[in-house]
Amino acid sequence: MHKILVAQECGCFKRSDLTNNVSLPSKDEALLKAVEMKDIMNEEFCGKHGFELIEENNNFVISFKQEAHSGCCGGGHCN
C-alpha cells in the first residue's frame, strides 16, 4: 500500500472535501492522486501557503513549500 499524507492540515484543507491519509494499492495510482491533490491545494486554496509533494518510502507527503533563502542573513549589508 502507498499512502498520501498531508503534513500540515491548514484551515482550507480542513474545510475542503480532500482526505488525509489516503491509501492506494499501486504507487502509480498514489502518485497521480497526490499530484491531483497538491494541484487542487495550490490552485483552489486561499494562497496563504504553497504546497509541494515529496516521496518518502512508500508515502507521498504534501507539505508547505519551504521558502527559498538567498543566503543573506538579513543584516542589510548584502545589498
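Here are some notes:
- Karplus-derived 3J(HN,Hα), 6.51/-1.76/1.60, for each residue of the range 41-53, Hz, glycine and proline x: 5, 6, 8, 10, 7, 5, x, 5, 10, x, 10, 10, 10
- Contact order normalised by residue count of the range 2-64, Cα under 8 Å, 6+ apart, percent: 44 percent
- J(HN,Hα) series, the range 10-23, from Karplus relation 6.51 cos²θ - 1.76 cosθ + 1.60, nearest Hz, glycine and proline x: 6, x, 5, 5, 4, 7, 7, 8, 6, 10, 8, 6, 7, 10
- Estimated Rh, the range 2-64: Kirkwood, alpha-carbon pairs, angstrom: 11.6 Å
- Counting every other Cβ atom within 10 Å of each residue's Cβ, Leu18, Leu31 order from fewest to most as Leu31, Leu18.
- 10 Å beta-carbon shell around Ala30, net charge (K/R +1, D/E -1): 0
- Within-11-Å neighbourhood charge of Ile40 [Cβ basis; K, R +1; D, E -1]: -3
Laboratory data are not the source of any read-out in this text; all were calculated from the coordinates shown. None of these values were measured; they are calculated from a predicted model. Quick reminder, even Gly has a Cβ in these numbers, built from the backbone with ideal geometry, and neighbours come from all protein chains shown.
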